[in-house]
Amino acid sequence: MQETALTGLDAWLDTALAELSGFRSEDRPGWTREVFSEPYRASRAWTAARMRGAGLQVHQDAAGNLVGRLPGTNPAAPPLVTGSHTDTVDGGGRYDGVVGVLGALAAVQVLAERGIRLQRDLLVVDFLGEESNPFGLSCLGSRALAGELTAADLARTDYRGRTLAAAYEDFGLDPAALLAAAPWTGTRRPHAYVELHIEQGPVLEERGTPIGIVTAITGIERLVASFTGSPDHAGTRPMDDRRDAMVAAAEAVLAVRAEGCGAPEHGVATVTRLENASPAPNVVPSLVRLYGEVRSVDETWLAGTRARLAGEIAARAAGFVVEADLRWSTDNQVVRAAAGVQDLAAQAADVAGIEWAPIPSGATHDAVHMARLAPMGMIFVPSAGGRSHCPEEFTPTARITTGVNVLAETLLRLDTHEFAQ
Ligand SMILES: [Zn+2]
């Protein structure tokens, strides 16, 4: 497991990363490969071929996940699962998700080179559509595996009015079969799930730590706030006699920021959008809508965010005689990585003399849904400059290889590990 001894693997990863990034929408910025798009469809044939090249038996399941199976010596035992996704955000990069799929195939090669055959089946999964899409739903494939995709989800529409069900059908999948089969629930639960991923933030690089072992994946509370004031002539209404909804919304932007700054542990709070209902350039804004989100791995703090922000935003709005109406929704609960998987990943890094650090994930992943089925863990490698979801997203291949080796060793340990019930 020496970082320097695997130049062959570096070359394989380099080539594979370059080839996969070639499947992209030419008319979009960066490396855009959105779920259900033609480049995505074409790329999955390439990914399936790469899975076969690594010695896996490949099929696409009812949920559209590409699954490569490496048979173990005891096929009756619950399988180990690893993988990630190969779709991207619009204008995205080459590493988010891709590192977890290609890295898993590289880990299969590491095990083969060491002459190791696992007792359990190892399933390498390229989950369908992990990124958010025009239907407003992320993690399509892992959600379906966990039995969390619903008929109401399939009725969601994109901006052109096309349903998610129609998108599945156009992609060659049967929505009815998809809902009927949550193939990994019940008795088919995996033994464990571990996912290799880029950090997508700056912490590991800034600390000079090559491996992050994820402790928890962030919870997300989403906010839509409406501010109602009074539409008046912007030229004649005196400043001290206005009910300006935009000013109240601006105060709310600052309140949301202050909430994030006051978080005890990896808390962030962001206003992503403001809308003025009127396009008029000379009318005091009377209806402004604000969209925001608050994230943290601290459940207690996150649970209190609604009440704290409701009080603060209403008080600030009242100072401008504006009414504030807040609507909240929980996008994700906090999901903790299994202590057993974290411990084995730490041992895997330790035996190789690779420095690691515990780290929370501020982004969500397929692992959130897999955690409903099996003990879950994630291994992070650094992102250059902390950049992600942009064309500049980059991780040096040697860093990925370090992650691959820790992943391979973790899988080896998970193979024989008995989790406490
Ligand atoms: Zn991802």
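Only the coordinates and a few stated rules stand behind these numbers; no lab work does. This structure is a prediction, so every number in the text was calculated from the model and none was measured. All Cβ positions, even for glycine, are placed from backbone atoms using ideal geometry, and neighbour counts span all protein chains on display.
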For region 222-332 the mean separation of alpha carbon contacts under 8 Å (6+ apart) over residue count, i.e. relative contact order in percent, is 40
In nanometres, the difference between 0.36 nm per residue of separation and the alpha-carbon distance of Ala339 and His233 is 32.1 nm
Ignoring GluC sites (Glu not before Pro) buried by more than 16 other Cβ within 10 Å or outside DSSP loops, the longest site-free run in the chain is 27-147
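Neighbouring Cβ atoms within 10 Å as the yardstick, rank Leu154, Leu414 fewest first.
Leu154, Leu414
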A correct fewest-to-most ranking of Ser329, Ser142, Ser25, Ser388 by other Cβ atoms within 10 Å would be Ser329, Ser25, Ser388, Ser142
Counting only DSSP loop positions in region 119-214, the trypsin sites (Lys or Arg not before Pro) whose Cβ has at most 11 other Cβ atoms within 10 Å are Arg160
Most exposed to least, judged by fewest other Cβ atoms within 10 Å, Met378, Met239 sort to Met239, Met378
Subtracting the Cα-Cα distance of Val224 and Thr15 from 0.36 nm times their residue separation yields 70.8 nm
Counting all Cα-Cα pairs in region 58-140, those more than 14 Å apart amount in percent to 66
Within the set Asn133, Asn276, Asn405, GNM on the chain using Cα springs under 10 Å gives the largest fluctuation to Asn276
Residues whose built amide H sits under 5 Å from the amide H of Glu195, excluding neighbours closer than 5 in sequence, are Gly377, Met378, Ile379
Longest principal axis of the chain (C-alpha) makes with the long axis of helix 299-318 (C-alpha) an angle, in degrees to the nearest 10, of 20
With x for Gly and Pro, the residue-by-residue ³J(HN,Hα) of region 34-40, computed from phi through the Karplus equation 6.51 cos²θ - 1.76 cosθ + 1.60 at θ = phi - 60° and given in whole Hz, is 7, 3, 6, 7, 4, x, 5
Restricting to Cα pairs under 8 Å and 6 or more apart, the percent relative contact order of region 29-123 works out to 38
